[in-house]
Amino acid sequence: MARSADGTLIDPFGGARDIESRTLRHVSAAFVEDPVRVLRVARFAARFAPLGFRVDPATLALMREMVARREVDALVPERVWQESEKALREPGAGTFFRVLRESGALARIFPEIDALFGVPQPTRWHPEIDTGVHTLMVLDQAVRLSPDPRVRFAALVHDLGKGTSPRAQWPAHHGHEERSVALIEALAARLKVPGDYRELAVIVARYHGIVHRAFELKPRTVLEFIERADAVRRPERFGHVLLACEADARGRLGLEDKPYPQRAYLIAARSAAAAVKPSAEERDAPGPKIAEQLHRRRLATITAVREQFGPAGG
């Protein structure tokens, strides 16, 4: 659209009408010539969804045709990740994946995510039941909690292993954490996902259950988790892990605004452990002895922190 010098609106494709109706619509048959446009439509939908914009049914039909002709299969991994990473930064990031699923492209581009839809979870913990629905609810919560696309990516892929749970076990998903790790590693390799995204996602997938149960764990187990997550050296990443876990806890029907004291507790426990430094006497001791004494003193500080939080963090 443009305006002439006298102020007349030049609008050959009806853009003003589309803005008024909050519609994202293709304007040329040439749309089908580039499969990247499937990703771009989904990304623009993610950007403008908070304003009420929706993809035009005719445009969505064209996207389905492109998927059916397997044109999206030709997308290069780098371009898929580039568009996906941009979408994760958008205010309606979850809409990107919803539109891809409506068009059928999700199954071709992110089969690990598409496989989650239709997989049930225990109603006691997941009133929304469907794992795919839960996954996008978690992403919506991650958008609320953090602008960082790494946190949002970790939230998106934390439960991938549930898509490979044996049907005989449904709605249980025993061992899904390590299956999720393997699927994240494969997805990251296929799409050439940057290492910092992959590392954060792996930690969240592997340990989100531990984070949720933080107040049920012995201080020794909490310290082991902090050490395995390299939280003392990487406090920012540890904070991102906890944000993604909070998004997981809130990405459930009716629990969207439930408090999550586990994050404050584990941040305090990590800070207490990090504050413990070797004394002058300990620095003169053999390496294993230093580690043993540091571990003992860190355990004592975490025990004290746990007592401050009281029962279940209340």
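Bear in mind these aren't lab numbers, they're just calculated from the coordinates by the rules spelled out. Everything quoted here is computed from the prediction, not taken from an experiment. Cβ coordinates were reconstructed from backbone atoms using ideal geometry, including for glycine residues, and neighbour counts include every protein chain displayed.
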C-alpha long axis of helix 93-103 to longest principal axis of the chain, angle in °: 50 degrees
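Which FRET efficiency value, to the nearest 0.05, is calculated for A172 and R233 with the Förster distance at 45 angstrom and r the Cβ-Cβ distance? Don't skip to the end; give the middle numbers.
Working: r = 36 Å, r/R0 = 0.79.
E between A172 and R233, to the nearest 0.05, is 0.80.
Give me the number: length gained by fully extending I10 to D34, i.e. 0.36 nm times residue separation minus the C-alpha to C-alpha distance, one decimal in nm.
Net length gain for the segment: 6.0 nm.
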Separation between Cα centres of the range 10-87 and the range 160-178, rounded to whole Å: 34 Å
Three-way shape label, the range 35-104, alpha-carbon gyration tensor, a/c 1.5: oblate
Largest-first principal axis extents of the Cα set of the range 1-62 (Å): 38, 28, 16
Per-q log10 I(q)/I(0), the range 17-159, q = 0.13, 0.17 Å⁻¹ (Debye; single scatterer per alpha-carbon; no solvent): -0.57, -0.95
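Just to verify a number: FRET efficiency for H295 and I267, C-beta to C-beta distance, R0 = 22 Å, to 0.05? Provide the component values of the computation, followed by the final result.
Details: r = 20 Å, r/R0 = 0.91.
Computed FRET efficiency for H295 and I267 comes out at 0.65.
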Virtual spin-label span in nm between R17 and D196, 7 Å along Cα→Cβ: 4.6 nm
Surface/4 estimate of mean projected area, convex hull on alpha-carbon atoms of the range 218-314, nm²: 6.8 nm²
Rg/Rh ratio calculated on Cα atoms of the chain (Kirkwood radius): 1.08
Mean residue ellipticity (222 nm) of the chain, computed from DSSP H runs ≥ 4 via -39,500 (n - 2.57), nearest 500: -18500 deg cm²/dmol
Viscosity 0.890 mPa s, 25 °C: Kirkwood-radius Stokes-Einstein D of the range 116-272 over Cα pairs, µm²/s: 157 µm²/s
In range of the label at H212: residues from the range 163-187 whose backbone nitrogen is under 11 Å from the point 7 Å along Cα→Cβ: 173, 177
Rh (Kirkwood; distinct C-alpha pairs) - the range 99-148, Å: 11.8 Å
Most fluctuating residue given options R69, R144, R220, as computed from a GNM of the chain linking Cα atoms under 10 Å: R69
